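First comes the structure, then the notes that go with it.
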Amino acid sequence: MADRKQATCIAPVNIAVVKYWGKRDENLILPINSSLSGTLSTDQMCAKTTIAISKSFQRDRLWINGKEQDATGKRLQNCLREVRSRCGSEIEGCHYHICSVNNFPTAAGLASSAAGYACLGEYFEYKEGITKIQFTIRQGSGSACRSMYGGFVKWEMGNKSDGSDSIAVQVTPESHWPEMEVLILVVSDKKKGVSSTSGMQTSVKTSKLLKYRAESLVPKLMTEMETAIQQKNYQAFAEITMKDSNQFHAVCLDTYPPIAYMNDISHKIVQLITHFNQYCGEYKACYTFDAGPNAVLYVLAKDVPQILSAVCHYFPCTENHDSYIQGLSNYSDV
Ligand code: 2P0
């Protein structure tokens, strides 16, 4: 097919330590609070996406992990429409075939859609530059804009109604804190019951705690977290990370009807890390949970063996060890 163009991109997962939850504009995908995340290494957890464009394709089609999905969804189509309008005549009359493979549980609260849409962003970045393309890929997944950079990245909520000041910027580069490692404890690889998009819509409508968090708590958390990262202050980093995760899940419970992303095993992991830190007299590990039951631990490299042996002792794996501890990855070397 002479008119067919094809490229493959890889984009990493990002795990927020100050969480994004709630939009102030559902069309432009503008958040009600700023957020901050670490971008993981693509060696361990990433989405690999092949995009083909051709006039001979009859319609847009999408496959995730080999299974064909509905490509007519509003989020994907908004994103593709935006790309079409920006690329102009070059791709007029073309349709897309998009094939994305995640090397980690999809839709289990591990930022899979963020990595997938970040791939689209990488693919089209050459056209317009990284800042502009953020606006397009956010149409697919809000937090995808944070996966466009390595290291620690913040997504500034911005104030303007057109969203022009709502952008992701790198806080520190990959090389800044190489001792920081990320452990992913896969509690369940099942697709989550309530999607992030609909969960945050219900939270915005019903949770007074979310409004208080967004307006009165997150601005201070962002400043404190940025300082902790700049200074490589693990003790401060760990405390803010765990408190922010707890607060986000408290908001989910304050939502009506309530949303419970964490399960009994998630809560046992919280207990284990809490007791472990108490026993050590300082923070050796910190947990954070996204919109799913899986735990993400940010741990300094020197403490990884101790933490791993504690986790394996209290959560022995009788079957496939690898399926429990999905990835051990340096967050930084993207
Ligand atoms: C985050 N999450 O900051 C938060 C924490 C989940 C919990 O961003 O509706 O897929 O596409 O903007 O970005 C997941 O939500 O949601 C998310 P949309 P997205 O990482």
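The values are calculated or read from the model by the stated rules, or taken from the named source; none is laboratory data. None of the values given here were measured: they were computed from a predicted structure. Note that each Cβ is placed from the backbone with ideal geometry, even for glycine, and that neighbours are counted across all protein chains shown.
Got at least one residue in segment 177-196 being part of a helix (DSSP H, G or I), within 12 Å of the ligand (Cβ to nearest atom) and on the phi < 0 side of the Ramachandran plot?
Just the residues of segment 177-196 that are part of a helix (DSSP H, G or I), to begin with: 196.
Remaining after also requiring within 12 Å of the ligand (Cβ to nearest atom): 196.
Next cut, on the phi < 0 side of the Ramachandran plot only: 196.
Checked against the condition, which is being part of a helix (DSSP H, G or I), within 12 Å of the ligand (Cβ to nearest atom) and on the phi < 0 side of the Ramachandran plot, segment 177-196 yields at least one hit.
For (1) in a loop (DSSP other than H, G, I, E, B); (2) modelled with pLDDT of 90 or more; (3) small (Gly, Ala, Ser); (4) in the same structural domain as Tyr287 (by TED's automatic domain parsing), each residue gets a yes or a no:
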{"position": "Ala11", "(1), (2), (3), (4)": "no, no, yes, no"}
{"position": "Ser37", "(1), (2), (3), (4)": "no, yes, yes, no"}
{"position": "Ser56", "(1), (2), (3), (4)": "yes, yes, yes, no"}
{"position": "Thr72", "(1), (2), (3), (4)": "yes, yes, no, no"}
Check your understanding: Residues in segment 252-290 that are in contact with a Cys (Cβ under 8 Å, 6 or more places away or on another chain) and within 16 Å of the ligand (Cβ to nearest atom): how many?
Key -> 4
Exercise for review: Can you tell me which residue within segment 6-26, out of those that are in contact with a helix residue (DSSP H, G or I) (Cβ under 8 Å, 6 or more places away or on another chain) and under 30 Å from Ser54 (Cα atoms), is surrounded by the most Cβ atoms within 10 Å (Cβ to Cβ)?
Suggested key: Val13
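Rundown of residues vs (1) touching a residue at least 12 places away in the same chain (Cβ under 8 Å); (2) over 20 Å from Leu120 (Cα atoms); (3) within 15 Å of the ligand (Cβ to nearest atom), yes/no style:
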{"site": "Tyr20", "(1), (2), (3)": "yes, yes, yes"}
{"site": "Thr39", "(1), (2), (3)": "yes, no, yes"}
{"site": "Asp43", "(1), (2), (3)": "yes, no, no"}
{"site": "Ile51", "(1), (2), (3)": "yes, no, no"}
{"site": "Gln58", "(1), (2), (3)": "yes, yes, no"}
{"site": "Trp63", "(1), (2), (3)": "yes, no, no"}
**Study point:** Positions within segment 139-178 being surrounded by fewer than 18 Cβ atoms within 10 Å (Cβ to Cβ), among the acidic types (Asp, Glu) and touching a residue at least 40 places away in the same chain (Cβ under 8 Å), in sequence order
**Key:** Glu156, Asp162
Practice item. Could you tell me which of the residues Ser196, Ser207 is under 19 Å from the mean Cα position of the chain (by Cα) and over 30 Å from Pro305 (Cα atoms)? Key: Ser196
Check your understanding: Is it the case that segment 263-285 has a residue that's assigned to a helix (DSSP H, G or I), in contact with a helix residue (DSSP H, G or I) (Cβ under 7 Å, 6 or more places away or on another chain) and either at pLDDT 95 or above or polar (S, T, N, Q) (or both)?
Key -> yes
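For residues in segment 74-116 being β-branched (Val, Ile, Thr) and either modelled with pLDDT under 85 or within 12 Å of the ligand (Cβ to nearest atom) (or both), which is surrounded by the most Cβ atoms within 10 Å (Cβ to Cβ)? Working first, answer last.
Residues of segment 74-116 that are β-branched (Val, Ile, Thr), as a first pass: 83, 91, 98, 101, 106.
So of that shortlist, the ones also either modelled with pLDDT under 85 or within 12 Å of the ligand (Cβ to nearest atom) (or both) come out as 83, 91, 106.
Numbers: Val83: 23, Ile91: 17, Thr106: 19.
Within segment 74-116, the match that is surrounded by the most Cβ atoms within 10 Å (Cβ to Cβ) is Val83.
Rundown of residues vs (1) within 21 Å of Ser175 (Cβ to Cβ); (2) modelled with pLDDT under 90; (3) in a strand (DSSP E or B), yes/no style:
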{"residue": "Asp3", "(1), (2), (3)": "no, yes, no"}
{"residue": "Gln6", "(1), (2), (3)": "no, yes, yes"}
{"residue": "Val17", "(1), (2), (3)": "yes, no, yes"}
{"residue": "Thr42", "(1), (2), (3)": "yes, yes, no"}
Exercise for review: Would you confirm whether any residue within segment 157-166 is under 28 Å from Met262 (Cβ atoms) and outside any strand (DSSP E or B)?
Suggested key: yes
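Got a sec? Which of Gly163, Gly142, Gly158, Gly150 is of a type outside the set (Phe, Trp, Tyr) and within 11 Å of the ligand (Cβ to nearest atom)? Lay out the reasoning, then the answer.
Details: Gly163 fails: within 11 Å of the ligand (Cβ to nearest atom); Gly158 fails: within 11 Å of the ligand (Cβ to nearest atom); Gly150 fails: within 11 Å of the ligand (Cβ to nearest atom).
Of the residues listed, the single one that is of a type outside the set (Phe, Trp, Tyr) and within 11 Å of the ligand (Cβ to nearest atom) is Gly142.
Considering segment 253-269 alone, what residues qualify as being under 20 Å from the mean Cα position of the chain (by Cα) and free of Cβ contacts under 8 Å to residues at least 60 places away in the same chain? Break it down stepwise before answering.
Restricting attention to segment 253-269, the residues satisfying the condition of being under 20 Å from the mean Cα position of the chain (by Cα) are 259-263, 266.
Within segment 253-269, Ala260, Met262 meet the criteria.
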Point to revise | Subset tally (residues that are more than 14 Å from the ligand (Cβ to nearest atom) and within 23 Å of Ala144 (Cβ to Cβ)) for segment 197-218 | key: 0
Review point. Quick check: anything in segment 26-35 in contact with a His (Cβ under 9 Å, 6 or more places away or on another chain) and either in the same structural domain as Gln134 (by TED's automatic domain parsing) or more than 12 Å from the ligand (Cβ to nearest atom) (or both)?
Key: no
